[in-house]
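These notes are about the structure you will find just below.
No value in this document is a laboratory result; all are computed from the given coordinates. If you're wondering where the values come from, they're calculated on a predicted model, not measured in any experiment. Glycine also receives a Cβ, built like all others from the backbone with ideal geometry; neighbour counts cover every protein chain displayed.
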Amino acid sequence: MSLEGKLLIGQQAVSGERAEIRAINPASGEALEPVYRGGGEAEVARACELAEAAFASYRETSLEDRATFLETIAAEIEAVSDDLTQRGMAETGLPQARLEGERGRTCGQLRLFAAVVRAGEWLDVRHDPALPERAPMPRADLRQRHIALGPVAVFGASNFPLAFSVAGGDTASALAAGCPVVVKGHSAHPGTSELVGRAIQRAVAKCGLPEGVFSLLFGSGREIGQALVSDPRIQAVGFTGSRSGGTALMQTAQSRPQPIPVYAEMSSINPVFLLPEALKARGEALGTAFVGSLNMGAGQFCTNPGLVLGVKGEALDAFVKAAGEAVTASGAQTMLTPGIHAAYADGLGALAGNAKVREIARGQTGDGPHQCQTGLFVASAADFLADEALQAEVFGATSLVIECADLAEMQRVAAGLEGQLTATLQLDDGDLEAAKGLLPTLERKAGRILANGWPTGVEVCHAMVHGGPYPATSDSRTTSVGSAAIHRFLRPVCYQDLPAGLLPEALQDGNPLGVSRLVDGKREG
Ligand code: NAP
C-alpha cells in the first residue's frame, strides 16, 4: 500500500500547505505515516471549478454509463480490499470483521444506486398532454423530469470510515443523481480516505468521465469545510457528525447569497419503549439483548439506543437488573478517536455527576488508551422532563433508563423528546392499545419506528428512512440511507410546449428510455 499524503483534485494528487494532519491509531496512540498537509481556499476553489466544469456533461451521461461508473467504483474499491482493511483498522481501532462488512455495504450501496439509475424511476417523468379544446382555457403540453442539483460537498463521517465516508452513501447518491462530488475527508482516517479516493479517481479515468466529477480534500473543517460550503458552485451538502458541526454548516449554507440545502445527520438518542406486557413477559431477556445493541461498535452508531422508557415496577426492575449485569460483564472497546473518547468521558461524567441520576452499572475499563467503558443509568420521568441536559446524546455505549409512573407519563416523555432517527417499541399482543396511543407521537418524532427489534443495524434498501426531525437531521423530509437518498440531490423541471427537438430524451414521445411515466395522471410502465 503506498499512500502519498496528498489531496486528490480531479486526476491530480496535490500537496497541501496548511497544518499537518496525522492519523492516530486509537488502540495504541501511535501517530501514523504519512503526514497529510491540509488544503486551503485555493484547493477548494480548484476542486469546485473542476466540479462545475464537469457538471454539464456528467449530468447528461446516459443511465447505462452512469450506472457502469458506480459499479466501476465498487470494483476498484474491492481491488484494494486488503489494504483498506489494514489501514482502516490502524486508523479507527475497528475490528477486521466490521471493516470487511462495511466495505461490503459500501460496494453494495454503489451497486444498489447503479440499479436505481438504470431503472430511471428517479427521473419521475410526468406528462400532461395539451388540451387545445379545453374551455374556458386550453391546457398547454406539460412535461416534467428531475435533474441533478449541481456539485455536492460531502463531509466524511468519523464513525463509518467506508460506508459513510469518501465513497459512502452521500457520495453514491449524489453521483447517482448526476452531481459531481467534492469530499472533505474526515481527519481521523486520511489514509483510508486516500485509498478510496484513488479508487474513485481510477474509475473516473476508466469510464472516460471529466476529471472534476470527483475530488477529495483534507484540512480543517473550519477552513476548507466552511470554504467548500460557501463556494457558489456547490449546490448541496451531505454531512454526518456532531450537532455543532452540522448546525454551523447549516448556518453557513443559509447565509450564502444563494442558500443551499444541507443534509446533515447529527444527533439522536433513539428511545426504546418497553411496553408493560412485553416487559412482564421477557424483561430479563430484553435487558440482555438491549446491552448487545448498546455495545455494538462501542456505541458509536447514530442509532445507538441511548434512552429506554418503562413503567416503574418489578418488571422494569428485572430489566434493569439483567441489563446491569450485562453491562458489568461488558469488555472495554477502543473508541474511534481521542476526541470522541474525550467527549464520551465527559458525557459519562456528566451523567454520573447528576444528582437526579442513579448509576446502575459500568463495564470493564480496559488497558489501552481511548477505551469505552459501557455505562447504564436510571432517572425518573419527572426529573428527565425537568432537565434538558438529560436528552443530550452521549456518543458511545451509555444509556439512560427512564422510570415512568404510568403510560400517561411515558406519553408525556415521548412528546417532550427532540427529533430522533429511530423509536423502538418492545410490545406483546396485550400492548397494542398502548402502542396505538404512542404511535402518532412517535411518527412526529422519528424517521423509523421499529417493533421488537433494536435500532442498530440499518438496512440499505428502498424503504429505509434514516432521517428524522432536528437534531437527528437538518431536513426531516428525506433519508441518508437507502435508494430514496438520491432525491436529496435532484430537483424537478417542467417543460411547457417545448418543440419535440428540444425535449430531453426522458420526456420524448415514445418513451425512448423505457422508464415509468405518469401520463395524464395515470401510471404507465
Ligand atoms: P464533527 O466534529 O462534527 O466533525 C465532522 C466533520 O465536520 C469533520 O470533517 C470536521 O472537520 C467538520 N467540521 C466540524 N465542525 C465544523 C465547522 N464548524 N465548520 C466546518 N466543518 C466542521 O464530528 P466527529 O469528528 O465525527 O465526532 C465528534 C462528535 O460528533 C462525536 O463525539 C459525536 O458526538 C458526534 N457524532 C455523531 C454522529 C451521529 O451519527 N449521531 C456520528 C459521528 C459523530 P475537522 O477535520 O476539522 O474536524
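DSSP beta bridges confined to the chain are antiparallel in about 40 percent of cases. Backbone amide hydrogens, once placed in the peptide plane, bring VAL401 within less than 5 Å of VAL308, PHE377, VAL378, ALA379, excluding anything fewer than 5 places away on its chain. What do you get for Rg/Rh of the stretch 32-79 when both radii come from the Cα atoms and Rh is the Kirkwood radius? Expressed as Rg/Rh, it is 1.14. Pair-distance distribution P(r) for the chain, from all Cα-Cα distances in 20 Å bins starting at 0: 22, 50, 25, 3, 0 percent.
Within the straight-line cut-off of under 26 Å between alpha carbons, the lysines reachable from LYS6 are LYS184, LYS206, sequence neighbours fewer than 8 places apart in one chain being disregarded.
Subtracting the Cα-Cα distance of ASP83 and ARG222 from their residue separation scaled by 0.36 nm leaves 47.0 nm.
Amide H neighbours of ARG37 under 5 Å, counting only residues 5+ apart in sequence or on other chains, H built in-plane at 1.01 Å? Excluding prolines and chain starts, which carry no amide H, the hits are GLY16, ILE21. If the reach is capped at under 20 angstrom between alpha carbons, list the lysines near LYS312, excluding any in the same chain fewer than eight residues apart. Within the straight-line limit of under 20 Å, LYS312 reaches these lysines: LYS280, LYS321, LYS356. When the charge dipole of the chain is built from unit charges on Cβ atoms (+1 for Lys and Arg, -1 for Asp and Glu) and taken about the Cα centre, the candidate among LEU286, ALA140, ALA332 whose Cα reaches farthest toward its positive end is ALA140.
Taking every alpha-carbon pair under 8 Å whose residues sit at least 6 apart, the chain reaches a relative contact order of 17 percent.
For the ranges 251-262, 228-239, 319-330, what's the packing order if you count other beta-carbon atoms within 10 Å of each residue, average per peptide, and put the highest first?
Highest-to-lowest ranking by the protection proxy: 228-239, 319-330, 251-262.
Ranking request for peptides 503-511, 331-339, 309-317: highest mean number of other beta-carbon atoms within 10 Å first, then the rest in descending order. Mind dumping the intermediate values first?
Working: 503-511: 15.0, 331-339: 20.6, 309-317: 18.9.
Packing order, densest peptide first, comes out as 331-339, 309-317, 503-511.
Over the chain, DSSP H runs of length four or greater, each weighted -39,500 (n - 2.57), average out per residue to a 222 nm ellipticity of -12000 deg cm²/dmol. Potential lengthening of the chain between ALA350 and ASP429 amounts to 24.6 nm, from the contour at 0.36 nm per residue minus the alpha-carbon distance. Only one residue of ALA67, ALA19, ALA45 has its Cα farthest out toward the positive end of the dipole of the stretch 1-147, where Lys and Arg carry +1 and Asp and Glu -1 on Cβ, and that residue is ALA67.
So how strong a dipole does the chain carry about its Cα centre when Lys and Arg Cβ are +1 and Asp and Glu Cβ are -1, to the nearest 20 debye?
640
Think of the stretch 282-410 as a dipole: +1 on every Lys or Arg Cβ, -1 on every Asp or Glu Cβ, centred on the Cα centre; then among PRO369, PHE301, ILE402, PRO369 lies furthest on the positive end. Secondary structure note: in the stretch 82-206, about 50% of the DSSP beta bridges are antiparallel. Candidate cross-link partners of LYS436 among the lysines, defined by an alpha-carbon separation under 17 Å and a same-chain spacing of 8 or more, comprise LYS445.
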